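J.: I have a structure I would like to understand better, so I am pasting it below and will then ask my questions one at a time.
Every number in this text was worked out from the coordinates using simple rules, so none of it is lab data. Predicted model, so just to flag it, every value in this text is computed and none were measured. Neighbour counts are summed over all protein chains in view; Cβ atoms, including those assigned to glycine, are modelled from backbone coordinates with ideal geometry.
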Amino acid sequence: MKYTIKKYLILAIGSLIIFSGCSKFLEEPDKSNFTRENYFTKPEHAESIINSIYENMRNVLGGGFNGAPWMMLEFATGLANTELGQAQNSIFVRNLVNNSDNAYGQTYWTSHYRGIGNANLAIAKIPGIKMDEIAKKKFLGEARFLRALYYYDLVRIFGSVPLISEPIDLSSKDLYPEPASVENIYKLIESDLLEAEKSGLPFRDASGRVSIGAVKSLLSSVYLTMAGFPLNKSENFPKAAEKALDVINSNQFTLFASYDDLHLASRKNSIENIFQVQYLENILPSNWQTSIIPYNQGISNYTDETGAIFANKEFVESYEKGDKRAAEKQFYYSSYTLRGNRTQSKNLGGYYLFKHFDVLAQTSTTSSGLNWTLLRYPEVLLTYAEAANETGGPSATVLNAINLVRKRAELPALEGLSKDQLREAIWRERFYELSFENKTWYDMVRLRKAFNVSTKKFDAYVGHKFSYGPTLSEKELLFPIPTAEIRNNSKLKQNKGY
């Protein structure tokens with residue numbers, strides 16, 4: 001967190017402007033013209049700093065022979081596997097022998113605090129720029145949403161972390177801050193999102209920028225989490241239901257007709273994709289394609305086939321009989337054509353992630369324009385169903401929300417369930433629908449529950465045994481604070497058990 005104002009400016013000025021038209025990818029600003037004195041004086045400076053906040057979302061994604069930080073949240077569920085023996089960071093998490101030297105956790109910490117730093121700078125400086133007041137308000141709404149998003153990850157991953165809401169430099173008294181309470185971090189997250197909700201942003205934005213739909217969707221998720229562990233504030237269930245229902249009733253989003261649309265670049269920022277991390281083929285391509293294909297099986301035009309992450313057999317085979325999501329080349333794939341002969345298919349011996357698979361890139365271009373999805377409409381439907389069921393029990397609107405998700409999966413509608421029965425049905429639906437989207441481990445922690453793939457019931461989180469052996473303990477409710485951060489800031493305390 002040793003970032004001077006000058007360093008934040010470089011992050012802002014040097015960012016690729018990927019949200020305002022493709023031509024701006026190729027623009028190279030003359031950085032020598034910018035100083036601390038003349039920056040934050042023009043509308044384009046406001047746009048530049050806002051774009052720099054978005055940029056940090058990409059740092060935890062990707063893949064390759066060392067794995068990638070986003071995989072940390074999947075291996076922690078016990079539902080993922082790997083063929084990549086050299087990716088020790090993945091293996092440590094998967095086997096529940098993780099430690100504070102894991103580079104995945106360090107990347108989350110560093111990239112998210114960089115995003116927060118740029119958001120703090122934007123929130124502090126944009127109000128003083130002479131520009132259109134409506135545009136200014138929208139920019140500030142984007143900054144507050146993104147700051148909330150970064151803190152929402154940090155507080156769930158690490159627990160009590162420093163809460164920084166003002167720009168800092170090397171002379172700041174808060175350069176090495178005390179960690180804040182989890183409750184106070186959630187207060188800032190909620191406050192930022194409520195402010196963003198009033199910022200005048202459009203309800204949806206086809207360019208991929210923050211929208212009111214994204215704000216309300218994230219708020220619904222935040223309130224659902226606040227209703228669960230560790231805060232256990234059940235008064236947030238109706239708030240979660242209200243924000244999710246706002247999104248549903250807006251009629252701005254709907255489910256894709258086909259699961260194929262999930263991995264089509266042409267469907268970016270549309271229909272059920274509420275908020276995504278932006279990529280563009282041949283310019284800023286998405287870089288996880290080599291991670292989701294089996295190790296050196298010769299099915300891809302990419303030269304690297306890493307087998308870095310795939311689904312546990314037991315999990316995929318636990319889907320309800322007839323569930324379309326578990327069918328071949330829907331959410332998963334177990335066979336594919338060969339690079340040398342596309343008329344010949346090969347059995348791959350496992351269930352790989354088709355949800356994130358770019359067919360065009362894998363078989364032809366080797367440059368993927370797929371976005372990474374952070375908020376999808378099915379999550380909103382299931383958040384509403386869960387929160388509303390907890391608030392008032394089963395109802396027609398609750399059943400309709402979950403049954404929309406089940407209908408697309410070609411499963412029978414649920415009916416006649418008690419509140420308790422419906423609760424577990426909704427949890428199961430979240431595990432199946434949102435698999436491998438960095439949602440499942442967060443759900444496990446807020447519920448203190450883990451899905452048992454054998455019984456298809458939910459075990460207590462602590463004591464739950466993964467299908468391949470390791471058993472969850474209390475320490476796995478959080479990830480360790482990175483070693484380097486504790487070394488640099490003596491006020492930080494390592495999480496229990498690490």
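J.: Of A135, Y319, G85, which is farthest towards the positive pole of the chain's charge dipole, taken about the Cα centre with +1 and -1 on the beta-carbons of Lys, Arg and Asp, Glu respectively?
T.: G85
J.: Show me, for segment 397-404, the HN-Hα J-couplings you get by feeding each phi into the Karplus relation (A = 6.51, B = -1.76, C = 1.60, θ = phi - 60°), rounded to Hz, glycine and proline as x.
T.: Computed from phi, the couplings for segment 397-404 are 5, 5, 5, 5, 4, 6, 6, 4 Hz.
J.: Among A180, S258, I126, whose Cα projects farthest towards the positive end of the dipole of segment 119-266, with charges put on the beta-carbon of Lys, Arg (+1) and Asp, Glu (-1)?
T.: I126
J.: Something else about it: Can you give me the distance in nm between label points at K465 and Q86, each placed 7 Å from the Cα along the Cα-to-Cβ direction?
T.: Modelled inter-label distance: 3.5 nm.
J.: Counting alpha carbon pairs within less than 8 Å and at least 6 residues apart, what relative contact order, in whole percent, applies to the chain?
T.: 16 percent.
J.: Taking the alpha-carbon centroid of each part, what is the distance from segment 321-380 to segment 127-178 in angstrom?
T.: Segment 321-380 and segment 127-178 have Cα centres separated by 37 Å.
J.: Q276's amide H: which non-local residues (gap 5+, or another chain) put their own amide H closer than 5 Å, with H modeled 1.01 Å from N in plane and none for Pro or chain starts?
T.: L374
J.: Using unit Cβ charges (K, R positive; D, E negative) and no other charged atoms, how large, in debye to the nearest 20, is the dipole of the chain about its Cα centre?
T.: 320 debye
J.: A further question follows. Of the trypsin sites (Lys or Arg not before Pro) in segment 83-162, which ones lie in a loop per DSSP and count no more than 13 other C-beta atoms within 10 Å?
T.: Within segment 83-162, the qualifying trypsin sites (Lys or Arg not before Pro) (loop, at most 13 other Cβ atoms within 10 Å) are K130.
J.: Under Stokes-Einstein, with the Kirkwood radius over Cα pairs standing in for Rh, what whole-number D in µm²/s applies to segment 279-370 at 10 °C and 1.306 mPa s?
T.: Once the numbers are plugged in, D ends up at 117 µm²/s.
J.: Another question, then. Just need the relative contact order of segment 306-441 here, percent rounded to a whole number, with Cα pairs under 8 Å and 6+ apart.
T.: 20 percent
J.: Right, here's the next one. Starting from the amide H of S335, placed 1.01 Å from N in the peptide plane, find each other amide H under 5 Å away whose residue is 5 or more places distant or on another chain.
T.: L348
J.: Here's something else I'd like to know. Cα gyration tensor of the chain, axes a ≥ b ≥ c as square roots of the eigenvalues: rounded (a/c below 1.5), prolate (a/b > b/c) or oblate?
T.: It comes out rounded by the Cα gyration axes.
J.: A further question follows. Would you list T107, T343 from fewest to most Cβ contacts within 10 Å?
T.: Final ranking by Cβ density, sparse to dense: T343, T107.
J.: What is the distance in Å between the Cα centres of segment 181-196 and segment 289-320?
T.: 38 Å
J.: Would you calculate the separation in nanometres between label points at D260 and K475, each defined as 7 Å from the Cα along the Cα-to-beta-carbon direction?
T.: For D260 paired with K475, the spin-label model returns 4.8 nm.
J.: Which value, in debye to the nearest 20, gives the size of the charge dipole of segment 231-327 about its Cα centre, when Lys and Arg are +1 and Asp and Glu are -1 at the Cβ?
T.: Approximately 200 debye in magnitude.
J.: How big is segment 308-358 by Rg and Dmax over its Cα atoms, in Å?
T.: 11.5, 36
J.: Just to check I understand the Karplus step: with θ = phi - 60° and J = 6.51 cos²θ - 1.76 cosθ + 1.60, what whole-Hz values come out for segment 215-221, glycine and proline as x?
T.: After applying 6.51 cos²θ - 1.76 cosθ + 1.60, I find 4, 5, 5, 5, 4, 4, 5 Hz.
J.: Please tell me the relative contact order of segment 199-239 in percent, rounded to the nearest whole number, where contacts are Cα pairs under 8 Å and at least six residues apart.
T.: Over segment 199-239, the number comes to 24 percent.
J.: I'd like the FRET efficiency for E317 and L338, computed as 1/(1 + (r/R0)^6) with the beta carbon distance as r and R0 of 25 Å, rounded to 0.05.
T.: In this case the efficiency is close to 0.45.
J.: Taking the Cα centre of segment 279-370 as origin, sum charge times position over the Cβ atoms of Lys and Arg (+1) and Asp and Glu (-1), and report the length of that vector in debye to the nearest 20.
T.: It works out to roughly 220 debye.
J.: A further question on this structure: What are the ³J(HN,Hα) values, in whole Hz, obtained from phi via the Karplus relation 6.51 cos²θ - 1.76 cosθ + 1.60 with θ = phi - 60°, for each residue of segment 354-370 in sequence order, with x given for Gly and Pro?
T.: Values, residue by residue: 7, 4, 9, 8, 9, 4, 4, 5, 5, 9, 9, 7, 6, 9, 9, x, 5 Hz.
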